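Note sheet for the following structure.
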Amino acid sequence: MARLPTRHFITTNFDPWLKNAVGRRLDQTPNVLLPSDAAALGHLDGEGAWVFHLHGDADKPDTCVLTASAYRRLLSGTPAWRHAVQSLLSTRHLLFLGTSLSEPHLDVLLGEFEQTFQAIGGLRRHWWLGRPANVVERRRLERLGIEVVD
């Protein structure tokens, strides 16, 4: 994943493997953004690489969001984080990798930002790499403007 032709990564994983791999690929330490740094997402058009740890970073355990209820608290209690995620969903093209539709955090994200996910003019803005468990899951993603690549 670190070899994808981008300098911007978003992960729900806490572990450092992605930021370390990106750093090795680019031969520079990427900027690491945590939920508390969400306001900084307005300044991402510079030259540097960044990894946004949506649920916190294992190197800073107190930043980790471990449960669906903690995730909901993050959504409701951190306006900068919420606006940053909404901005990324509405202005960037995202590829969801290595996540399951049964993951509670993804379910909350999909539900919370349903309007933002909607495809504008029928254009696909995001892709999900994986195989949905059933037709219902596939249709849900398609309704949200997310193209399934299985």
> By accessible area of protein heavy atoms, probe 1.4 Å, what ranking do 55, 8 get, highest first?
Replying inline: 8, 55
>> If I stretch the segment between residue 133 and residue 20 completely, what's the gain in nm (0.36 nm per residue apart, minus their alpha carbon distance), one decimal?
In response: 37.5 nm
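The values are calculated or read from the model by the stated rules, or taken from the named source; none is laboratory data. Computed from a predicted structure; not experimentally measured. All accessible areas refer to the heavy atoms of the entire protein, side chains included, with ligands and DNA or RNA removed. Shrake-Rupley method; radii C 1.70, N 1.55, O 1.52, S 1.80 Å.
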